[in-house]
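Here's the structure we're looking at; comments come further down.
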Amino acid sequence: MIKQIGVILLLSVTVFAACRSPDTRSPEEVVGARPPASPEPTPASPEERARVHTELAASYLQIRRMGVALTEVQEALKADSDYVPAHNVSGLIYMQLGEDKKAEASFQRALRLDPKDSDANNSYGLFLCERKRGEEGIKHFMTALKNPLYATPQDSFVNAGVCSRRMGDDVAAQKYFEQALAVQRNDPRALINLAQLYFDHKQYYLAKERLDKFMQQNKNPDPGALWLGARVENKIGDEAALMSYGAQLKDKFPDSREAHLYSQGQFE
């Protein structure tokens, strides 16, 4: 899972002077005078241009306009080749494009420039976990969490939990998901992952508790979440709740694999 990147779209990279000194001339001096020349625009700094292009790249990445995203991040690095967020976003773009060597090179460049950067550590950790290099990945998540200024530590906790599950360590995974909830109460990613973990360990009432909280936070659940809900209620024996999940699957996702499984009663 790729971390959510906050994006602010800025319409201009040029800052214009907005004010002039008060005009102290008398009315007689002003009559017939030529209008003052417009102030010259103040060029944006290289770092400012890099920031704007990086934010644009991130926004295009979110909507999967990969070509435009790549162009924007390249412009960012032309403006400032040492701008760490640009290297991080570059890595995420190449990661989505399946160009692993370029992605890893981008993440490593970001971390050479700033080894403590939380976003870059989190992104690189995600990359490593998805490439079955989980132990390396979790180390980067933990490095991200050491930064007291990290704005979204819940992201690294959730990613560490998912990574631990892939490695077969559900004890660690549960701990990380619970830590994510301690930071961000009712984080939907932590809730749905815990619900799945509890279900897999036959702790159906705990799974239901987490899933109910997830549903309260997410009014448009995907087929996987609805199917998990149906399976949980089937195990508990709540027929009304089971039928509710089934109705949502058939109504919202009639062609989904989950809807077909529900219709066939294949809950195992």
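The values are calculated or read from the model by the stated rules, or taken from the named source; none is laboratory data. Here the structure is a predicted model, which means the values were calculated and not measured. Cβ atoms come from the backbone with ideal geometry, glycine included; neighbour counts cover every protein chain shown.
Among the candidates E104, E136, single out the residue that is in contact with a Leu (Cβ under 6 Å, 6 or more places away or on another chain), of a type outside the set (K, R) and modelled with pLDDT of 95 or more.
The conditions single out E136.
Before we move on, is N159 touching a Leu at 6+ places or on another chain (Cβ under 6 Å), in a helix (DSSP H, G or I), touching a residue at least 60 places away in the same chain (Cβ under 8 Å) and not basic (K, R)?
For N159, the condition - touching a Leu at 6+ places or on another chain (Cβ under 6 Å), in a helix (DSSP H, G or I), touching a residue at least 60 places away in the same chain (Cβ under 8 Å) and not basic (K, R) - is met.
Of all residues in the stretch 116-142, which are touching a Ser or Thr at 6+ places or on another chain (Cβ under 8 Å) and not in a helix (DSSP H, G or I)?
Once the filter is applied, which keeps residues that are touching a Ser or Thr at 6+ places or on another chain (Cβ under 8 Å) and not in a helix (DSSP H, G or I), the stretch 116-142 yields only K116.
Could you list all residues from the stretch 77-115 that are among the hydrophobic types (A, V, I, L, M, F, W, C), farther than 18 Å from S59 by Cα and either in contact with an Asp or Glu (Cβ under 9 Å, 6 or more places away or on another chain) or not in a helix (DSSP H, G or I) (or both)?
Residues satisfying the conditions are A79, A110, L111, L113.
Quick check: anything in the stretch 199-218 in contact with a Lys or Arg (Cβ under 6 Å, 6 or more places away or on another chain), farther than 29 Å from E104 by Cβ, at pLDDT 95 or above and in a helix (DSSP H, G or I)?
Among the residues of the stretch 199-218, at least one is in contact with a Lys or Arg (Cβ under 6 Å, 6 or more places away or on another chain), farther than 29 Å from E104 by Cβ, at pLDDT 95 or above and in a helix (DSSP H, G or I), which makes the answer yes.
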